[in-house]
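See structure below.
Just so it is clear, none of the values below were taken in a lab; they were calculated from the coordinates. All of these numbers come straight from a predicted model, not from anything done at the bench. All Cβ positions, glycine included, derive from the backbone under ideal geometry; neighbour counts span all protein chains shown.
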Amino acid sequence: MVKFLPLKQAVAENLHNGDSVAFEGFTHLIPTAAAHEAIRQGFRDLTLIRMTPDLIYDQMIGMGMARKIIFSYVGNPGVGLLRRARDAIENGFPRSIEIEEHSHAGMANAYEAGAAGLPCAVFRGYRGAGLAAVNPNIKSVTCPFTGEVLAAVPSIRPDVTFIHAQKADRKGNVLVEGIVGIQKEAVLAARRAVVTVEEVVDNFDDLHPNLTVLPRWTIAAISVVPGGSHPSYAHGYYARDNAAYLEWDEIAADREKFQAWMQANVIEKSADDFAARVEHLRKAA
Amino acid sequence: MSDNPDFTPNEMMTIAASRALRNDDVCFVGIGAPSAACNVARLTHAPDITLIYESGTIGTAPDVLPLSIGDGELCETAVTTVAVPEMFRYWLQGGRISIGFLGAAQLDKFGNINTTVIGDYFHPKTRLPGGGGAPEIATSSKEIYITMAQTRRGMVEKIDFFTSFGHGEGGDHRKRLGIDTAGPTLLITDLAIWKPDPATKEFTVVSLHPGVTRQQVQETCGWIVKFAEALDETPAPSELELTTLRDLQARTKAAHEGSGKAKAA
């Protein structure tokens, strides 16, 4: 059953060295505060899973925490490349990492299969695509009814998934709205799930009945971290800090500049520092 | 806004690309140049075009160009926003997309695209972001439009990695792989409009932008360029097209640089 915990404790209780872990969020609601807490606690040998590993995986890879990444787009969306991830892939710095690369369709189907308790996902994909030749986890199956050859990938079943969401009610049910991405599937595919939220409200009585709500019994721990998605955004709370994404390109381009930034902005900070970072991004009431 | 009749090659590219889109198209929009072209189309001759970004936003109408495929305004202005698996399964794989609009880091003459690596996949010289949604956009959309500025590094005889399949080695290669969609049918660069040869599927220049010479097209392309026998000249941007594009880009620049300023809801 879900527990409300300070983020430090929620991360310590649910993440371990060597885990496969998804910090999901499709541009929106990226769980930055949870990732920074994981960085402060210094986990090692993680398998990082995410469709769009952006700044937070660039940071975790740059800090030497990842043994392997499973992904479908290793870029800074709209800006360009992820320079710490590139340094690891191209130069083995600060350590070499294994990569398992898919398309978005492949990853999305694999998460959905994980949530559905299936061993693999089947879909029409990777036709003529070079990834099928370099990723041994991309195979094919033949439809027993039509004979059509379809792509198959193993389902994704993370040890733990972290997401950020708008709000929880007092019982620990969680609401995700706006660009909902892959978060519901990533939570239901995982053995454990930890959710950071902008706020806790009394109840969800006034919500539209079809909104994406994760019942409290699907979640291990909830931590209240206002601004916890920055520089990503929380629909209805604050806007995306596009300038920060542009600035990251320069910070991550240099190994020493990156280390200094991490020290000042992650290692020496805490989850409580996120609220102030989004103050100027909150919408006028 | 502007009464300057001059225009840049990039503006010509975006506007020529926007003209290819129809009011009843359902367009899966790649970020960057495709996104600008699709929104110029929506703001000029195709007000009812359905623009879809892979973050799950369907029928979106942003006031500024999104920096990422998942900017908040895409969701706020969309007809509906669906989860990512639904996006790829029902809407793309389900055959609902008429045009997939892609950019490219590397392109060959058969419309095959590389956005994955420069050099060897396992020991890359440059690791690029990868395919994202493109490998399946390229095969599940009914047609593919591609837009990119011409350079010899970008338009190459042989791409380093097949991120997204175009016409493969040409001819009926798609059909032989069981792909039943049309694939790349249009390439719009900053210098010209290209269409695939009906038989070989090699991209052929069918229209030069105003003032552009054949030599310029060849000098900025890494393969031997074929030109159609009847070569058209692309009509210059109209005042409305140019103003629409420049206003959109000015709004976008202001929004992204001053990202602290959230727009009033």
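Some points to look at:
- Subset of segment B:90-108 that is touching an Asp or Glu at 6+ places or on another chain (Cβ under 8 Å) and not in a strand (DSSP E or B) - its residue that is nearest to the other protein chains (Cβ to nearest Cβ): B:GLN93
- Counting only helices (runs of 4 or more DSSP H) that sit completely within segment B:9-77, those holding 1 or more residues that are closer than 17 Å to B:ALA236 by Cα and aliphatic (A, V, I, L, M) correspond to B:9-19, B:33-43.
- Options B:ALA149, B:ALA138: the member that is under 28 Å from A:GLU24 (Cα atoms) and either outside any strand (DSSP E or B) or of a type outside the set (Lys, Arg) (or both): B:ALA138
- Output for segment A:30-47, where each listed residue is within 9 Å of the chain's Cα centre (by Cα) and either within 14 Å of another protein chain (Cβ to nearest Cβ) or farther than 25 Å from A:ASP272 by Cβ (or both): A:ILE30
- Qualifying residues in segment A:96-132 (those that are under 25 Å from B:ARG174 (Cα atoms) and polar (S, T, N, Q)) - the one farthest from the other protein chains (Cβ to nearest Cβ): A:ASN109
- Each residue in segment A:166-192 was checked for being under 24 Å from A:ARG240 (Cβ atoms) and either more than 14 Å from chain B (Cβ to nearest Cβ) or in contact with a Cys (Cβ under 7 Å, 6 or more places away or on another chain) (or both), and 6 of them qualify.
- Selection from segment B:8-39 of residues that are buried (at least 24 other Cβ atoms within 10 Å of the Cβ), within 14 Å of another protein chain (Cβ to nearest Cβ) and more than 16 Å from B:ILE97 (Cα to Cα): B:ALA36
- Of the residues making up segment A:238-279, those that are within 14 Å of another protein chain (Cβ to nearest Cβ) and crowded, with 19+ Cβ neighbours inside 10 Å are A:TYR238, A:ALA239, A:ARG240, A:ASP241, A:ASN242, A:TYR245, A:TRP248, A:ALA252, A:ARG277, A:VAL278.
- Residue under evaluation B:GLY56, criteria (1) crowded, with 24+ Cβ neighbours inside 10 Å; (2) at negative phi, criterion not met: (2)
- Test set (1) surrounded by fewer than 20 Cβ atoms within 10 Å (Cβ to Cβ); (2) in contact with a Lys or Arg (Cβ under 6 Å, 6 or more places away or on another chain) - A:ALA189 fails condition number: (1)
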